Amino acid sequence: MLGLFRDYFTTLYGLTPTPTQTAPDATQRFLRTHLRSKLTPHMRSSIEGPITAEELHEAIKRTPVGKTPGPDGFTLKYYKTCEKLLSRAWLAAFNGLTEPASHIAPQTLSATITLIPKPDKDHALCANYRPISLLNQDVKLFAKVLALRIANHMRHLIHPDQTGFIPGREGRDNTTLAINLIHAVQRTGTGPTLLLSTDAEKAFDRVHWPFLFQTLQHMGFGPNALRWITALYDSPTARINLNGTLSSPFTIKNGTRQGCPLSPLLFALSLEPLLQAVRANPSIHGICVGRHTYKVAAYADDLLFFVQQPQISLPSLIELLREYGSLSNYKINMSKSEILNISIPAPLSTHIQSTFPFRWCNTS
């Protein structure tokens, strides 16, 4: 059984680059066309500066104790106790990563993956377990410092439609928005309307690193920030822990590691080019209320599209998802994605159901 899990996750974390991903300039063309978010010079410099002892102390203070340690066995309590002794060496190591050819030691980037069974799923299938990476605590503290810096600017970089992992935003905001838009459509009769809720397949685990790094660069992250982040993704390895038995190690080549403090922010940043492309696409028709047009609401990888003129909008949306996925590894599971009919007449409803492979919600 351990071998089956290892084989499954070796494949999941070792996706073969697509022809589009290896094509010269394909990602840059997509980002130049669709991505408008940029750090201001002041924001950029606030992320670029040397890591300080105060930041390290804040990261230690904000990290909860009692968590399972990574492969080296050192807990947060150890680092809290020895902070004054270790702080200078830590800062030298972290800040030294901005130098050319510097890197984090391979054993430091190793992780133990523990598997959490998903509720109400067939646990005989490897895909129905959520992988949590138990990282070494020093790596997590380094990532926490970076996460605290970047979190300060997420509201500037990420549109309000995305509420997942963004400080000051809550998922219920989008729930309220969706309810209000449904009522607006029913009240005004603005034409055939549906909601499409998409199911993303292993969204965090599939992120294509070159796409992520180019997105960060396009957003204005400076050389120090990029070196720090790429250092965390410099050929990390993992072993599966199944009932106390460890698999042999394997190399991770894609995905943001669930268990890393920086992972949620990086995922949101990597998804933003898609969401901006949806909003700007004139062939994808959203719900208009006053001067505003609403096309999508996101909570991390859970996307809800507000669609009018579906016979035009759905093909354009599917093509955009395909283009983005060919660059980023983002993959929609069409058969698990669902349509909610708000005001689609019967003939058009029949056409959509026969044309597109989405589930059709029963609203009775």
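Evaluated with a Cβ-only charge set (Lys, Arg +1; Asp, Glu -1), segment 248-364 carries a dipole of roughly 80 debye about its Cα centre, given to the nearest 20.
Normalising the average separation of contacting C-alpha pairs (under 8 angstrom, six or more residues apart) by the number of residues puts the relative contact order of the chain at 25 percent. Highest average first, the peptides 274-283, 304-313 ordered by how many other beta carbon atoms sit within 10 Å of their residues are 304-313, 274-283. Here is what passes the span test in the chain: the DSSP H helices with alpha carbon length of 24 Å or more along the helix axis and a Kyte-Doolittle mean of 0.0 or above are 263-280, 310-328. For Rg and Dmax of the Cα atoms in Å, computed directly from the structure shown, the correct entry in (1) 19.1, 55; (2) 23.1, 69; (3) 22.0, 73 is (3).
Readers should treat all values here as calculations from the given coordinates under stated rules, not as data from a laboratory. Just so it is clear, the structure is predicted and the values come from calculations on it, not from any experiment. Don't worry about glycine lacking a Cβ; one is built from the backbone with ideal geometry, like all the others, and counts go over all protein chains shown.
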